[in-house]
Amino acid sequence: MDNSQYAKHYSDESFWGKLKKAAKDAGLKVVYAGLLLYYALQSPKTPMKAKIQIYGALGYLIFPFDIIPDMIPVVGYLDDLGALMLAIGAVAMSIDKEVKHKAKIKLIDFFGVDAVRNQDIIDVDAYMVKDEVSVSLSKE
């Protein structure tokens, strides 16, 4: 999925507006994935190539007319999650402990302290570890 065409729809203001408005409907996994990418984007350690991918994924999240309309209950954010997870897979090496910590702190603001122990969050973290391992193995 090429998200580069959606990068122009990204702004910090629209990202936070979307999360605040849709956090409960989007769910933990979408919000956490979005936060991880947002904080990776803010990190000076993230290379420009990775930032371009992040802009595209976050732009897709914000874009009001995506493949599956967000207003459809249960499945409305599946396409957004797919775009976010593809970007996370591509930039996993830029998502360090500091980025994860900031994302989890903000996740607590949205959903409460129990959110960080939810299986959805554990799944996203495990996905990043799997991608980090496959990237390091491919370099050998």
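Laboratory data are not the source of any read-out in this text; all were calculated from the coordinates shown. Keep in mind that this is a model prediction, so the values were computed, not measured. All Cβ positions, even for glycine, are placed from backbone atoms using ideal geometry, and neighbour counts span all protein chains on display.
Taking 23 Å as the limit for the C-alpha separation, the pairs Lys24/Lys97; Lys18/Lys51; Lys21/Lys49; Lys21/Lys102; Lys18/Lys45; Lys29/Lys106 exceed it in the case of Lys24/Lys97; Lys21/Lys49; Lys18/Lys45.
Among 80-92, 14-26, the peptide with the highest mean count of other Cβ atoms within 10 Å heads the list, and the full ranking is 80-92, 14-26. For the stretch 4-138, a simple Cβ point-charge model (Lys and Arg +1, Asp and Glu -1, everything else neutral) yields a dipole of about 320 debye relative to the Cα centre.
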